[in-house]
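Step one of this worksheet: look at the structure below.
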């Protein structure tokens, strides 16, 4: 897929310990793993931002072995449920975790990762064009995955490389997990052009991250809205980063104030700030705001990527042709994925979407054809890029805490759980953090006298907005 042979002796990946691999070594690793497995099958990859994780992933894809990409530290009960559901033939895991899977046979190791043979007698048939699977939500351990084809992944990587004008001189640094569609798209698009990827498990708040960034002259990074909130607190605008060329943002809508600040910073410092729009169901990216429009079109998610097309439809499915009229955003393009899988039997399914995706986002376009997201059709938030279904979360809370009355709402990267029992507030928050495995700072419980409801008992979510709007104002004033 990536034509590693074209770049051969060029460095493909460098990690925070100074270890590096060339494109030739990536290719050779693919040959070795292909010889060990020697057949098309399903592999669970427990991902980290390391050389071993990426070399395994590329080896599987190059050998037509289908990887399922998961967080290496996914709750083990949830992982066991997924194993029982999908019956993968192999696991590719950090070697330090092998002791957790003693019943499985180790058959190969490289770069701190080990290939385990699961021993399942049964395996599921795979659709010929099924390249990989990613979870739709990093939050609640749902067995629902997005099925991405080889043509989906390649076409989206090519499109991203085109509109970002990527070449082999790029040196992106990892700030997002590779099992997340945005993080993976950065890897795919840069490997396609022979760039050097700087991989680290360190976070933005750690000094080691910025030392690695500067020592290796990183040229770009990507982030979700929360990433940019952290950067502002770190006084990013004052940092001396001469190697930085561009920054990208996706995974939820950035508040206009931050969009403006980073756009203006980039314009004043000869760098690029590029807001993007995407979903796992479209492989990764669907839209982008060109860097030269970042200030002028502040708040917009942009235009369709090369090879794609946007349109808006009304409640009856009719096309909206007038600007500033709200409708559901529909995307069409070769990167629209095959569909979902909820069990092993779904892996043989073919293309169920036929190149069209109703995004569930409500949007408008202006007189220049630039799109603006104005809301969502369904109740979910993106927390650090992970989709969290609010109705599902409310059900989980009520199932855990018998008799509790609660309602979840908020904005991207900030979820507010309203409860009426002050004594359970901390326990509810801890439970949500545990279930989602996401940064605790994204969640806050708010105690109120009663959950507002109409005469038929439906929750009046609009009545709750004044609470989280107040929280936002307080946060912005810090």
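Observations on the structure shown:
- Filtered residue count, region 124-170, keeping only those that are surrounded by 21 or more Cβ atoms within 10 Å (Cβ to Cβ), in contact with a strand residue (DSSP E or B) (Cβ under 8 Å, 6 or more places away or on another chain), at pLDDT 95 or above and part of a loop (DSSP other than H, G, I, E, B): 2
- Residues located in region 397-413, provided they are in contact (Cβ under 8 Å) with a residue 40 or more places away in the chain and surrounded by fewer than 19 Cβ atoms within 10 Å (Cβ to Cβ): 405, 411
- Residues satisfying the stated conditions in region 1-27, i.e. in a helix (DSSP H, G or I) and buried (at least 16 other Cβ atoms within 10 Å of the Cβ): 4, 23, 25, 26, 27
Yes or no, residue by residue, for (1) free of Cβ contacts under 8 Å to residues at least 12 places away in the same chain; (2) in contact with a strand residue (DSSP E or B) (Cβ under 9 Å, 6 or more places away or on another chain); (3) not in a helix (DSSP H, G or I):
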{"site": "179", "(1), (2), (3)": "no, yes, yes"}
{"site": "188", "(1), (2), (3)": "no, no, no"}
{"site": "194", "(1), (2), (3)": "no, yes, yes"}
{"site": "198", "(1), (2), (3)": "no, yes, yes"}
{"site": "204", "(1), (2), (3)": "no, yes, yes"}
{"site": "243", "(1), (2), (3)": "no, no, yes"}
{"site": "251", "(1), (2), (3)": "no, yes, yes"}
{"site": "257", "(1), (2), (3)": "no, no, no"}
{"site": "261", "(1), (2), (3)": "no, no, no"}
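- Among (1) more than 23 Å from residue 74 (Cβ to Cβ); (2) surrounded by 18 or more Cβ atoms within 10 Å (Cβ to Cβ); (3) without any contact (Cβ under 8 Å) to a residue 60 or more places away in the chain, the one test that residue 447 misses: (2)
- Residue match in region 38-55 (condition: out of contact with any strand residue (DSSP E or B) (no Cβ under 9 Å at 6 or more places or on another chain) and either at positive phi or assigned to a helix (DSSP H, G or I) (or both)): yes
- When region 206-226 is limited to residues that are touching a residue at least 60 places away in the same chain (Cβ under 8 Å) and surrounded by 21 or more Cβ atoms within 10 Å (Cβ to Cβ), the one that is farthest from residue 167 (Cα to Cα) turns out to be 226.
Table: residues versus (1) surrounded by fewer than 19 Cβ atoms within 10 Å (Cβ to Cβ); (2) in contact (Cβ under 8 Å) with a residue 60 or more places away in the chain; (3) in a helix (DSSP H, G or I).
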| site | (1), (2), (3) |
| --- | --- |
| 361 | no, no, no |
| 381 | no, yes, no |
| 418 | no, no, no |
| 425 | yes, no, yes |
| 428 | no, no, yes |
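The values are calculated or read from the model by the stated rules, or taken from the named source; none is laboratory data. For clarity, every value in this text was computed on a predicted model and none was experimentally measured. Note that each Cβ is placed from the backbone with ideal geometry, even for glycine, and that neighbours are counted across all protein chains shown.
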